[in-house]
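Colleague: First the structure, which I've put down as structure tokens, then a few questions once you've had a look.
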Amino acid sequence: MFCDGRLQLPDGANIAYWGFEDPVNAPGIKSFPSPLIRMREGETAQVRLDILRDARRGAARSPPLGSAHTASGEVLRVASFDTNIYQWQPRAAGTWLYQSHKSTPHDFEMGMYGLLIVDPQPEGSGRPLAFRRGPAYDIERLWVLDDIDPTWHTPRPATAAPAGPTFDPKYFLVNGVTQADAAHHSDVAIIAKPGEKLLIRLLNASFSLLRVSVEHFNGNIVSVDGTAIDTASSPWTSWIPVGPGKPVIMSTGSRHDLLIDLDPSLNPAVTGRPYKVVFEFLDLPRRTMRNANAPNPLHMGRIETTITVAG
């Protein structure tokens with residue numbers, strides 16, 4: 001865990017953030033959001049969390065993660081002065097979220113969260129599956145949406161409440177990327193071939209209501225909040241169809257897995273044409289887009305990226 005991250009934004013703002021570093025797979029990289037954790041259902045997972053000393057305070061922050069139970073069983077936590085080991089056995093494949101449970105709203109806003117993906121055991125052809133007995137996919141994309149209120153990122157004691165009477169974000173990101181780069185960024189935009197299947201894992205890590213619209217393509221939501229809409233074991237359920245331009249509304253912390261089949265008979269597309277995907281961050285009480293009239297587009301609560309079917 002680190003407390004000295006800095007996020008440089010296109011308008012010159014330099015925002016402080018906290019997070020988790022993966023010293024095994026990405027040593028020295030302080031990403032925003034925190035690194036993906038990925039494992040397979042049925043395996044015993046063990047995560048060691050080292051609390052790095054915060055030089056500004058001269059003392060280590062207290063362990064930020066709580067011993068909350070997972071949906072699939074208990075979590076064993078072994079604590080020492082500056083290291084915690086979390087061990088559990090994930091039994092349900094899906095898209096999950098890990099986050100701080102110490103001053104949760106503030107730590108979450110500061111960047112102490114990340115995606116946790118549990119893959120099913122391989123079946124049949126060996127192609128990756130969204131969940132056990134679920135649909136196969138060829139391309140996976142993670143879209144993590146976040147908003148930033150700079151007043152919540154000013155230095156303060158670890159136990160202090162965030163500044164400001166209400167949350168008022170000025171910056172909006174997908175996978176840590178702003179509007180200026182999202183349309184073509186390799187971690188955000190999708191380029192696929194006809195006939196391929198896309199699995200898009202969406203996480204609303206903002207404190208806004210999120211509205212997601214995909215131009216042109218038909219798709220299906222096949223999992224919500226880590227729970228598969230599994231018609232094989234639950235025949236009374238069915239995938240949630242999402243038509244072209246139909247908005248998907250997501251609350252804070254929710255995850256939706258969206259499957260798009262690029263079979264030309266289901267989703268004919270013009271080769272090489274980029275189709276828009278729009279993320280809109282809505283004010284909760286009014287359900288209107290945040291900062292819709294901001295003179296600087298960087299401060300508007302709207303991000304666009306693209307899906308392109310290549311020849």
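Bear in mind that the values in this text are calculations on the coordinates, not laboratory data. Keep in mind it's a predicted model, so treat the numbers as computed, not measured. Virtual Cβ from ideal backbone geometry, glycine too; neighbours counted across all protein chains shown.
Colleague: List the residues, sorted by chain then number, that are 5 or more residues from Phe207 or on another chain and whose placed amide H is less than 5 Å from its amide H.
Modeller: The list, which skips near neighbours in sequence, is Asp147.
Colleague: Among Ile229, Tyr275, Pro122, pick out the residue whose Cα is farthest towards the positive end of the charge dipole of the chain, where Lys and Arg carry +1 and Asp and Glu carry -1 on C-beta, about the Cα centre.
Modeller: Looking along the dipole axis, the top candidate is Ile229.
Colleague: Next up: With n ≥ 4 as the cut-off for DSSP H runs, can you work out [θ] at 222 nm for the chain, using -39500 (n - 2.57) per run divided by the number of residues, rounded to the nearest 500?
Modeller: Numbers: 2 runs with 11 residues, N = 311.
Roughly -500 deg cm²/dmol at 222 nm, from the helical runs in the chain.
Colleague: Using 0.36 nm per residue of separation minus the Cα-Cα distance, give me the extension gain between Asp4 and Ile29 in nm, one decimal. Mind dumping the intermediate values first?
Modeller: Working: separation 25, 0.36 × 25 = 9.00 nm, distance 1.19 nm.
Going from the current span to full extension adds 7.8 nm.
Colleague: Something else: Roughly speaking, what is the stretch gain from Ser254 to Arg273, that is 0.36 nm per residue apart minus the C-alpha to C-alpha distance, in nm to one decimal? Could the numbers behind the result be given before it?
Modeller: Numbers: separation 19, 0.36 × 19 = 6.84 nm, distance 3.05 nm.
Answer, rounded to one decimal: 3.8 nm.
Colleague: Turning to a different aspect of this structure: Relative to the Cα centre, what is the charge dipole magnitude of the chain, using +1 at the beta carbon of each Lys and Arg, -1 at the beta carbon of each Asp and Glu, and rounding to the nearest 20 debye?
Modeller: Numbers: 30 positive and 32 negative charges, 58 e Å.
That gives the chain a dipole magnitude of about 280 debye.
Colleague: Please list 139-146, 266-273 highest first by mean number of surrounding beta-carbon atoms within 10 Å per residue. Display every interim value, and only then the final one.
Modeller: On the way: 139-146: 20.6, 266-273: 12.8.
Final packing ranking: 139-146, 266-273.
Colleague: So what are the ³J(HN,Hα) numbers for the range 242-255, from phi and the Karplus equation (6.51, -1.76, 1.60; θ = phi - 60°), rounded to whole Hz, Gly and Pro as x?
Modeller: After applying 6.51 cos²θ - 1.76 cosθ + 1.60, I find 10, x, x, x, 6, x, 10, 9, 10, 8, 4, x, 7, 10 Hz.
Colleague: Test of understanding: ordering Arg127, Arg255, Arg201 by Cβ neighbours within 10 Å, fewest first, what list do you get?
Modeller: Working: Arg127 12, Arg255 23, Arg201 20.
Exposure proxy ranking, most exposed first: Arg127, Arg201, Arg255.
Colleague: Across the range 265-272, in residue order, what do the Karplus-derived ³J(HN,Hα) couplings come to in whole Hz, using 6.51 cos²θ - 1.76 cosθ + 1.60 with θ = phi - 60° and x for Gly and Pro?
Modeller: Using θ = phi - 60°, the values come out as 6, 9, 9, x, 9, 6, 4, x Hz.
Colleague: Moving on. Need one number: nm distance between label points at Leu49 and Thr154, each 7 Å from Cα along Cα→Cβ, rounded to one decimal.
Modeller: Output for this residue pair reads 2.8 nm.
Colleague: Which length gain, in nm to one decimal place, applies between Ala232 and Arg40 when the Cα-Cα distance is subtracted from 0.36 nm times their residue separation? The partial results should precede the final answer.
Modeller: Numbers: separation 192, 0.36 × 192 = 69.12 nm, distance 2.04 nm.
Computed gain between Ala232 and Arg40 is 67.1 nm.
Colleague: Hey, another quick one. Note down the magnitude of the dipole of the range 139-309 about its Cα centre, charges +1 on Lys and Arg C-beta and -1 on Asp and Glu C-beta and zero elsewhere, to the nearest 20 debye. It would help to have the intermediate numbers written out before the result.
Modeller: On the way: 15 positive and 17 negative charges, 62 e Å.
Its charge dipole is roughly 300 debye.
Colleague: Further, regarding this structure: Under the Karplus relation 6.51 cos²θ - 1.76 cosθ + 1.60, θ = phi - 60°, what is the ordered set of whole-Hz ³J(HN,Hα) values for the range 286-300, x standing for Gly and Pro?
Modeller: 8, 6, 10, 5, 5, 6, 4, 9, 5, x, 9, x, 4, 9, 7
Colleague: Between Lys170 and residues 5 or more places away or on another chain, which pairs have amide H atoms under 5 Å apart, with H built 1.01 Å from N, and which residues are they?
Modeller: Ile148, Asp149
Colleague: Starting with the highest mean, order 27-38, 111-122, 83-94 by the number of other Cβ atoms within 10 Å, averaged over the residues of each peptide. Walk me through the intermediate numbers first.
Modeller: Working: 27-38: 16.2, 111-122: 20.1, 83-94: 17.8.
In descending order of packing, they fall as 111-122, 83-94, 27-38.
Colleague: Assuming R0 = 22 Å, can you tell me the calculated FRET efficiency for the pair Glu123 and Lys193, based on Cβ-Cβ distance, to the nearest 0.05? Can you show the working numbers first?
Modeller: On the way: r = 23 Å, r/R0 = 1.06.
Given R0 = 22 Å and the Cβ-Cβ separation, E is 0.40.
Colleague: Quickly work out the Gln87-to-Asn293 label distance, labels modelled 7 Å from Cα along the C-beta direction, and quote it in nm with one decimal.
Modeller: Label-label distance for Asn293 and Gln87, simple model: 5.9 nm.
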